[in-house]
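Take a look at the structure below.
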Amino acid sequence: MKNQRIINIFKTYLAHTGKKITWEREEILTLLLEKQGHFKVEDIVKITESSKNRISRATVYRTFNMLESAGIISHFYDHNHEKSYEINHEHHDHLICAKCGKIIDFTNEDQEKIQKQICSQYHFFPIFHSLHIYGICQNCLTKD
């Protein structure tokens with residue numbers, strides 16, 4: 001049900017921007033909705049290049065841009081300073097290990113309240129925010 005809502009959002013976005021709903025765009029979105037967690041454009045490029053219905057690298061990159069403009073996916077930079085993406089299901093923030101690249105999703109209501117207070121204090125209307133904390137995870141700490 002949640003996936004159908006996302007598909008409808010994308011179709012509406014394409015219609016409003018005068019773009020066509022192609023099988024390639026639908027296939028890319030379907031692949032993303034099947035993935036769990038975080039992914040890179042190259043992950044999808046590899047899948048589409050090895051399938052019988054090959055989708056060009058350029059189409060994958062353009063579709064990611066459209067999906068991000070539609071608010072369906074968002075990006076952040078991983079420990080190697082490479083773009084990683086995720087589906088925008090529910091808001092959360094990230095802890096990113098600078099050694100192994102592990103990404104931990106988290107939410108913290110106190111932190112959200114503080115951000116709202118700061119925005120209110122400065123008469124600022126927030127549209128979007130993301131928090132990424134880079135450090136060393138417990139596994140990497142215990143290895144050293």
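The values are calculated or read from the model by the stated rules, or taken from the named source; none is laboratory data. None of the values given here were measured: they were computed from a predicted structure. Using ideal geometry, Cβ is built from the backbone for each residue, glycine included, and neighbour counts are taken over all protein chains shown.
A few remarks follow.
- Residue within the stretch 77-93 that is on the phi < 0 side of the Ramachandran plot, of a type in the set (Val, Ile, Thr), exposed (fewer than 12 other Cβ atoms within 10 Å of the Cβ) and not in a loop (DSSP other than H, G, I, E, B) present: no
- Lone unmet requirement of (1) surrounded by 11 or more Cβ atoms within 10 Å (Cβ to Cβ); (2) touching a residue at least 12 places away in the same chain (Cβ under 8 Å) for Ile133: (1)
- Residue within the stretch 93-104 that is closer than 21 Å to Gly71 by Cα and free of Cβ contacts under 8 Å to residues at least 60 places away in the same chain present: yes
Table: residues versus (1) out of contact with any helix residue (DSSP H, G or I) (no Cβ under 9 Å at 6 or more places or on another chain); (2) of a type in the set (Asp, Glu); (3) surrounded by fewer than 17 Cβ atoms within 10 Å (Cβ to Cβ); (4) touching a residue at least 12 places away in the same chain (Cβ under 8 Å).
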site: Ile21; (1), (2), (3), (4): no, no, yes, no
site: Ile28; (1), (2), (3), (4): no, no, no, yes
site: Leu31; (1), (2), (3), (4): no, no, no, yes
site: His38; (1), (2), (3), (4): yes, no, no, yes
site: Ile44; (1), (2), (3), (4): no, no, no, yes
site: Thr48; (1), (2), (3), (4): no, no, no, yes
site: Arg57; (1), (2), (3), (4): no, no, yes, yes
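- Ile103 fulfils the conditions (1) within 30 Å of Leu141 (Cα to Cα); (2) at pLDDT 90 or above; (3) surrounded by 13 or more Cβ atoms within 10 Å (Cβ to Cβ); (4) not assigned by TED's automatic domain parsing to the domain that holds Lys11 except for a single criterion, (2).
- Residue list for the stretch 1-41, restricted to those being assigned to a loop (DSSP other than H, G, I, E, B) and farther than 23 Å from Ser84 by Cα: Met1, Thr17, Gly18, Lys19, Lys20, Ile21, Thr22
- Here Phe125 fulfils each of the conditions (1) in a helix (DSSP H, G or I); (2) within 26 Å of Tyr13 (Cβ to Cβ); (3) hydrophobic (A, V, I, L, M, F, W, C) apart from (1).
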